1. Applying the selection to segment 82-108, what residues are among the hydrophobic types (A, V, I, L, M, F, W, C) and either closer than 21 Å to Tyr26 by Cβ or at pLDDT 95 or above (or both)?
2. Residues Asp205, Asp271: which one is in contact with a Pro (Cβ under 6 Å, 6 or more places away or on another chain) and among the charged types (D, E, K, R)?
3. Look through segment 408-425, keep the residues that are in contact (Cβ under 8 Å) with a residue 60 or more places away in the chain and among the hydrophobic types (A, V, I, L, M, F, W, C), and return whichever of them is surrounded by the most Cβ atoms within 10 Å (Cβ to Cβ).
4. For Ala339, which of the numbered conditions (1) under 30 Å from Ala409 (Cα atoms); (2) under 25 Å from the mean Cα position of the chain (by Cα); (3) surrounded by fewer than 19 Cβ atoms within 10 Å (Cβ to Cβ) fails to hold?
5. Look at Ile397 and say whether it is loosely packed, with under 13 Cβ neighbours inside 10 Å and either touching a residue at least 12 places away in the same chain (Cβ under 8 Å) or among the β-branched types (Val, Ile, Thr) (or both).
6. Filter segment 28-53 down to the residues that are more than 25 Å from the chain's Cα centre (by Cα) and aliphatic (A, V, I, L, M), then identify the one that is surrounded by the fewest Cβ atoms within 10 Å (Cβ to Cβ).
7. Determine if segment 296-319 includes at least one residue that is in contact with a strand residue (DSSP E or B) (Cβ under 7 Å, 6 or more places away or on another chain) and over 28 Å from Leu429 (Cβ atoms).
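The values are calculated or read from the model by the stated rules, or taken from the named source; none is laboratory data. Nothing here was measured: the structure is a model prediction, and the numbers come from that model. No Cβ is skipped: glycine too gets one built from the backbone with ideal geometry, and neighbour counts run over all protein chains shown.
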Amino acid sequence: MNLLATSSGPVLARPGGFANLGPAFYTELLPTPLPDPYWVGTSASSARLLGIDAGWMARDDALQAFSGNALLPGSRPLASVYSGHQFGAWAGQLGDGRALLLGETAQGQEIQLKGSGLTPYSRMGDGRAVLRSSIREFLCSEALHGLGIPTTRALCMTGSDAPVQREETETAAVVTRVAPSFIRFGHFEHFSYSGQHDELKRLADFVIDRHYPACRAAVQPYAALLEAVTRRTATLIAQWQAVGFCHGVMNTDNMSILGLTIDYGPFQFLDGFDPGHICNHSDHQGRYAYQRQPGIAHWNLCALGQALMPLIQDSDAALAALDTYRRAFPEELAARMAAKLGFGQACEGTGRLTDELQALMARERTDHTIFWRRLARQAAGDGAEPVRDLFIDRAAIDAWLLQFEELTAQHGRGHSPDLMLKTNPAIVLRNHLAEQAIARAKLKDFSLVQDLLAALERPYDGHPAHADWAGFPPDWASHIQISCSS
């Protein structure tokens, strides 16, 4: 494996990173080369985040490095070990079964290859990712960033005709992921449940010093860490709920210690509004249904709190930190729903309006994204597509719209149609759009991947050239099934 030495590519040499925690935290190994790789997609936005020259990203050097066929300067590839609860049950040791952390850039961003081959934590898997799921992760990582929702980023994606067996034979792909840290709740669970409390402390101190330095001055630094993570998680879940995003597999090993959306598998943006919607075909009990996400996040935070107890050693302090969620999540969600209605903050009436609206939308399975966008446009004076046409019960929606108009009149300048347009996206990555991009990509046409990426990076724009992407999903979209198997 060659060492790349280019002045315009990333150099992974920032000291004091995850690799310095010691061998108990990871296994060092090289990625498995990807035969005859080709580009599937690149994110110029993520490249700028890393200070990568656009010209270098077009070179074969970059293609080989981000396919696992060559090493970036300063790279020290490793797979980290963690444990976790999966579907509510303790799963024991897990780890990076198909991902390798290459290192950290001078900008403080870690670069990770997903789909780069077997690791000691692959658990009978092949360590590969497939084109289908990789396109979904590549696009959705950047789509959530475009929506302003905290997430890991996707720098690029490469593919290969190398066969990978899932339910059927598919082709291989590698996604290059970027984040300040890929540490999960499950990392803390691993060292706590295994009785490695020195390593648990080292990990907690690392996270505090690197990402939550204000916690160091607290009387109970580790309880302060738990509270800070709880607040970030509450904010993240509120943002998911407001935009209609379903993660699909909220295991503790899929929860970021930084409050980022991480590990895109069977995710979905709601089409028709259904609080009980289950986007993961493998979730037979509906544990991770849309309306259950807030409660599951709190459950996962309690699991993190339990893992941190050897360090906190004060159950009252831990419970107080976790109780932050019960206050922070409703406040965060109320603020975001108020913004969708055009109010800078939640006020008397916005909560009741939201509750009544969601009950009506749930009865009729009203399209979530289209309703909110039409409401925003109608408030801005564009009534070309009336909101009431989305409903069968015209009397009910007319009554709601009258209440909405009365509330906006009551608050006068405190109501902003422009805020509504900046809060309610025109385009989200619906399942059928991803499926169309995947179908073309299987024929080696990657143009729709890049075109969708460009639109999803600016989801609040109108995109008149792609008006169909903001339209209703086709009938066949309701039959798409996404599972954990990818």
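1. Residues satisfying the conditions are Phe87, Ala89, Trp90, Ala91, Leu94, Ala99, Leu100, Leu101, Leu102.
2. Going through Asp205, Asp271 in turn, the sole match is Asp271.
3. My answer is Met420.
4. Every condition holds for Ala339 apart from (3).
5. No.
6. Leu30
7. For segment 296-319, residues in contact with a strand residue (DSSP E or B) (Cβ under 7 Å, 6 or more places away or on another chain) and over 28 Å from Leu429 (Cβ atoms): present.
Table: residues versus (1) in contact (Cβ under 8 Å) with a residue 40 or more places away in the chain; (2) crowded, with 22+ Cβ neighbours inside 10 Å; (3) out of contact with any Cys (no Cβ under 6 Å at 6 or more places or on another chain); (4) assigned to a helix (DSSP H, G or I).
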site	(1), (2), (3), (4)
Ala214	no, no, yes, yes
Ala224	yes, no, no, yes
Val229	yes, yes, yes, yes
Ala234	yes, yes, yes, yes
Gln239	yes, no, yes, yes
Asp253	yes, yes, yes, yes
